[in-house]
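Taking it in order: structure first as structure tokens, then the write-up.
Every read-out reported here was derived from the displayed coordinates using simple, explicitly stated rules and does not represent laboratory data. Predicted model, so just to flag it, every value in this text is computed and none were measured. Positions of Cβ are backbone-derived with ideal geometry, glycine not excepted, and every protein chain shown enters the neighbour counts.
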Amino acid sequence: MSTLFDPIKIGDIALSNRIVMAPLTRNRAVEGNKPGPLTVEYYRQRATAGLIIAEASPISPMAQGYLDTPGIWSAEQVDAWKAVTAAVHAEGGKIVLQLWHVGRISHTSLLPDGAAPVSSTDRVAEAATFTKEGFIPVSKPRALRDDEIPGLIEDYRRAARNAIEAGFDGVEIHAANTYLIEQFLRDSVNDRSGPYGGSIENRARLLLDVVRAITGEIGAGRTGIRLSPMTTFTAPRDSNPQALYGYVVEQLAPFGLAYLHVIEGETGGTRTPDAPAFDYAALHRAFKGPWMVNNGYDRDLAMQTVASGQADLIAFGRPFISTPDLVRRLKEGAALNELRADKLYGGGAEGYTDYSTLA
Ligand code: PHB
């Protein structure tokens, strides 16, 4: 029987425990969408996690949807990330980067030459994004043409190569939270015809093309993926989430990925028993590989979930923001720090690198 505190090897990556820092957008990037010195310190402080999944990072200038998020498309960004990965490795930690394309969740003021965001559709999302003017409604997108998809897949491949060059142990493909890949997956958003629209097979094609390109470039053992079958964040659910995500996971299984990371229920929501039913265990059985779960786990539930074999790894979001030494606190049953929710997005050290650790 395994515990939360036992080592585990996921693909090519050896972890010292099963406690994972979830990817968390903090909007502290410096000029050029680069992680700065504060970000180096932030991740260094949290390096006792078995694995850090560094925050969602745009794969190209068109992939950006929020102010001051750190990218992974330029040589300068690769260099800046090297300081982060070196700091985490010096503390004995492991770190992968979450590769992000926001799709239609963006604003023309954030995109090159004031371009419209791109998506599977030209229908605007009912959502807001964080810009220089604060939170404002997202812009109307332009539907990608089929002949633009190869270029998009190339952007993912290059971003994965950049991440490895920056010293990351691997990447996590962000296929969750109603961003670009999920805008293709779900029939609630994807209104295309042609090879990337219509049937489940067609709507899953972009994701599987991206997985093929990235695993071909850096290896499946360094590639993880994040899904959120029931999240409604900026779009309604698919008409049949069980069938859609069942197909996706069945197709992912043969790749031998490092892990599959699933957000259970509504992203950032509470673990409410009255949430619509979704059979996550069926996906776990179909995947067979390392299984990571996230959303509202506390110490007891995390320990019980790993001990019972329902999951191999537990990802914590907000607890890792407030409590840099979360692994030690969980081990000792110590209380966690209070989260300063007003300091989540943007700003400086306050609510970022100034949380206390146990003496
Ligand atoms: C956010 O900026 O609020 C955000 C970013 C990435 C996610 C979810 C939320 O996956």
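Some notes on this structure:
- Distance between modelled label sites at E133 and E201, nm, 7 Å Cα→Cβ extension: 4.5
- Projected label points at D6 and R142, each 7 Å from Cα along the beta carbon direction, are separated by 5.3 nanometres.
- Cβ-derived FRET efficiency at R0 56 Å, S193 paired with D354, nearest 0.05: 0.60
- Computed lengthening from S322 to L301, 0.36 nm per intervening residue step minus Cα-Cα distance: 5.6 nm
- Cα centroid of region 1-66 to Cα centroid of region 102-173, whole Å: 20
- Choice from A311, A334, A22 with maximal GNM fluctuation in the chain (Cα, 10 Å cutoff): A334
- Charge tally in the Cβ shell below 14 Å around E250, where Lys, Arg are +1 and Asp, Glu are -1, E250 excluded: 0
- Rounded, prolate or oblate (a/c below 1.5 giving rounded, otherwise prolate when a/b exceeds b/c) for region 8-343 by Cα gyration tensor: rounded
- Pairwise FRET efficiency - R158 versus N337, Cβ, R0 = 35 Å, nearest 0.05: 0.35
- Pairs of Lys residues in the chain, spaced 8 or more positions apart or belonging to different chains, with C-alpha separations under 24 angstrom: 13 in total.
- Between D279 and E126, the FRET efficiency estimated from the beta carbon spacing at R0 = 25 angstrom works out to 0.30.
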